[in-house]
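Reviewing the structure listed below.
The values are calculated or read from the model by the stated rules, or taken from the named source; none is laboratory data. It should be emphasised that the depicted structure is a prediction, and the values quoted were computed from it without experimental measurement. Because the Cβ atoms are built from the backbone with ideal geometry, glycine has one as well, and the counts that use them run over all protein chains shown. Surface accessibility is based on the protein's heavy atoms, side chains included, excluding ligands, DNA and RNA. Shrake-Rupley method; radii C 1.70, N 1.55, O 1.52, S 1.80 Å.
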Amino acid sequence: MSNASTSASAERHPLQDIQRTLDATHPGIGRAVCFALVCAMARRTLLVIAPRGTGKSTVSALVGKALPQSRIIKSLTSAGLAPLQEALSSYRGCLIIDDLGAMNTDYMRSRTITTLAELVYTGRVEEHTGHQHVEITEFRGSTIVNCQPVVYKRLLNMPEWEATAEDKTIRYYHLHRPTLPNMLTPVMDVDTNLEMHKVEMPDLGMDGIPQLLDVSGMQWGPSRSMEHVTALLRATAALRLSTTVSDLDVNLLSQLMRPCWLERRLVEKAELDGARVMDSNILYLLTEFVSYGHI
């Protein structure tokens, strides 16, 4: 083992302590909060997919509280961006949609996801029609969207999903229901002062990164996997207040990303241009097993 690896193994990542602290008072929530925080620091669009009552709102609220400028919004379409264009230009916070299912129509849900994914990915929106002019530039924020399985099943088969949103979103399956609910607000102390862009690009030949790319391949193609994993690793290092990615970051991200692997087991597509079918029964049953240990 190299000296760098030995040093990394002797250290602890700050997110490990945060996960342990959160799980001590609110069991099962720590990993979801830490991964959502990494995604927010990496400027990604994250879908937290889980049955109701599993703490999705608590996860997004904690991350929003940790990041300055964060705000909760009900929905967001291109037309809805007009009143927000000044606030979202040069934005650095996290936009949070607490419940995608609260929107009235599948069209509204689909348009919200595609608008957010495009805004986060490109950092800009420019639309000029006869009715309005929208121009948002230098957007450097992130998005967390909470989504129940029944809503996600319908979203998967909207044409906009495959055309625009699928490769630009990260799907995290949160599999823990509070068995002894704690009504107190969880406490999290995290330093977010080092931005991801100040962290050097990681060496993709590092031990553990090929395995990370394999997990990523459950959701995206090779090029997009490399793009997302690189950003997530840099964000993980930034939360350690380090400008270089180490084995510590690779090992931690491998742990945090494990629930992303479930997509391969949950979603099937029999034809190249056919519908996707999500077996949400598996997700519900896994949630009960993880939460209670038996049914």
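Which of the residues belonging to the range 20-67 are without any contact (Cβ under 8 Å) to a residue 40 or more places away in the chain, open to solvent by 10 Å² or more (accessible area, probe 1.4 Å) and closer than 19 Å to VAL250 by Cα?
Matches in the range 20-67: ARG20 only.
Taking the range 68-97, which residues are open to solvent by 40 Å² or more (accessible area, probe 1.4 Å) and β-branched (Val, Ile, Thr)?
Hit for the range 68-97 is ILE72, nothing else.
Which of the residues spanning the range 102-161 are closer than 29 Å to VAL267 by Cβ and charged (D, E, K, R)?
Scanning the range 102-161 gives ASP106, ARG109, ARG111, GLU118, LYS153, ARG154, GLU160.
If a residue must be under 18 Å from the mean Cα position of the chain (by Cα) and under 23 Å from ASP191 (Cα atoms), how many such residues does the range 70-90 contain?
Total satisfying the criteria: 3.
Kindly evaluate GLY208 against the criterion of being under 14 Å from LEU256 (Cα atoms) and of a type outside the set (A, V, I, L, M, F, W, C).
So GLY208 passes the test.
May I ask you to list the residues in the range 246-294 that are among the basic types (Lys, Arg) and open to solvent by 90 Å² or more (accessible area, probe 1.4 Å)?
Correct list: ARG258, ARG264, ARG265.
Considering only residues that are of a type outside the set (Phe, Trp, Tyr) and in contact with a helix residue (DSSP H, G or I) (Cβ under 7 Å, 6 or more places away or on another chain), look in the range 130-140 and name the one that is most open to solvent (accessible area, probe 1.4 Å).
Once the filter is applied, the top-ranked residue is GLU135.
Spot the failing condition for VAL277; the list is (1) over 21 Å from the mean Cα position of the chain (by Cα); (2) in a loop (DSSP other than H, G, I, E, B), and only one is missed.
The failed condition is (2).
When you go through (1) in contact with a Lys or Arg (Cβ under 7 Å, 6 or more places away or on another chain); (2) free of Cβ contacts under 8 Å to residues at least 60 places away in the same chain; (3) assigned to a helix (DSSP H, G or I); (4) crowded, with 17+ Cβ neighbours inside 10 Å one by one for VAL229, which number turns out not to apply?
Evaluating VAL229 over (1) in contact with a Lys or Arg (Cβ under 7 Å, 6 or more places away or on another chain); (2) free of Cβ contacts under 8 Å to residues at least 60 places away in the same chain; (3) assigned to a helix (DSSP H, G or I); (4) crowded, with 17+ Cβ neighbours inside 10 Å leaves (1) as the failure.
Looking only at the range 171-224, which residues are hydroxyl-bearing (Ser, Thr, Tyr), buried (at least 20 other Cβ atoms within 10 Å of the Cβ) and closer than 16 Å to THR243 by Cβ?
none
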